[in-house]
Each structure stands twice: as C-alpha cells, then as structure tokens.
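A short write-up of the structure that comes next.
The values are calculated or read from the model by the stated rules, or taken from the named source; none is laboratory data. Keep in mind that this is a model prediction, so the values were computed, not measured. Reconstructed Cβ throughout: ideal geometry from the backbone, glycine too, with neighbour counts over all protein chains shown. Only protein heavy atoms, including side chains, enter the accessible area calculation; ligands, DNA and RNA are left aside. Shrake-Rupley method; radii C 1.70, N 1.55, O 1.52, S 1.80 Å.
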Amino acid sequence: QVQLVESGGGLVQAGGSLRLSCAASGSTSSIRLMGWYRQAPGKQRELVADISSTGITRYPVSVKGRFTISRDNAKNTVYLQMDNLKPEDTAVYYCKSDSFSGRYYWGQGTQVTVSS
C-alpha cells in the first residue's frame, strides 16, 4: 500500500503562487506515476499534472505554463508549483499515485482558494 499526505494549500489572491507537496510512504518503490487532480464544487475531478517515474510530465491546457510538477525521489515527494493563480483554480487538490500493479491511491486533499 501507499499512503499520501498533501500539504501547502491555502488562500491566495489572483496572480499569486502556492506550492503543494505530496509525501508518499509505504510501498513507494511500486509507484509508476504520481499526479495532482482537483475537484471544484459541482464539477468532476480533473487532472492537473502528472509525472512518471522517468520524469515525463503532462499538463492540461488550462494550467500549462502556470503550473509545474516535480518530484524528489529521495524524499518520495511530489510538488506542484502553481503560479499566476486564477479564481477558477479554486478547488480541493488531491494527490494520486499509480503503481505498476495497477493499484492507485489518493491523498486526503488540500483546499486551494484563489480570491479575485
């Protein structure tokens, strides 16, 4: 099993920045992919960014150029640097890990609120 703990959410003004962290523990050697998702009220959970064990990253158009995902393998931690935040980025942000076995795990989520 993999346990994920997110931190770094909060309230920020539009145009500001936040950095989220996701610390993984447990069977971390089994992790193939780690990512960040978000879910706003009344909306489906959506991918924000993910990064493979080889460092390949993916971003949707909505955040590309503003958000950067990175990972520190020594610390089993993934970061999401969010710059130029917009009110529409307001959501609960979740960390997810995908294992080579096909299993996946979610963190508990952290709230990000961007005021206009």
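Overview of results
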quantity: Checklist (1) within 17 Å of V114 (Cβ to Cβ); (2) over 12 Å from the mean Cα position of the chain (by Cα) applied to I56, failing item; calculated: (1)
quantity: So F67, is it closer than 22 Å to G15 by Cα, of a type in the set (F, W, Y) and either more than 14 Å from the chain's Cα centre (by Cα) or at pLDDT 95 or above (or both); calculated: yes
quantity: Qualifying residue in the range 94-102 (condition: open to solvent by less than 50 Å² (accessible area, probe 1.4 Å) and of a type in the set (D, E, K, R)); calculated: yes
quantity: Residue satisfying condition, being at pLDDT below 95 and of a type outside the set (D, E, K, R), within set G107, G15, G35, G102; calculated: G102
quantity: Members of the range 101-116 that are in a strand (DSSP E or B) and free of Cβ contacts under 8 Å to residues at least 12 places away in the same chain; calculated: Y104
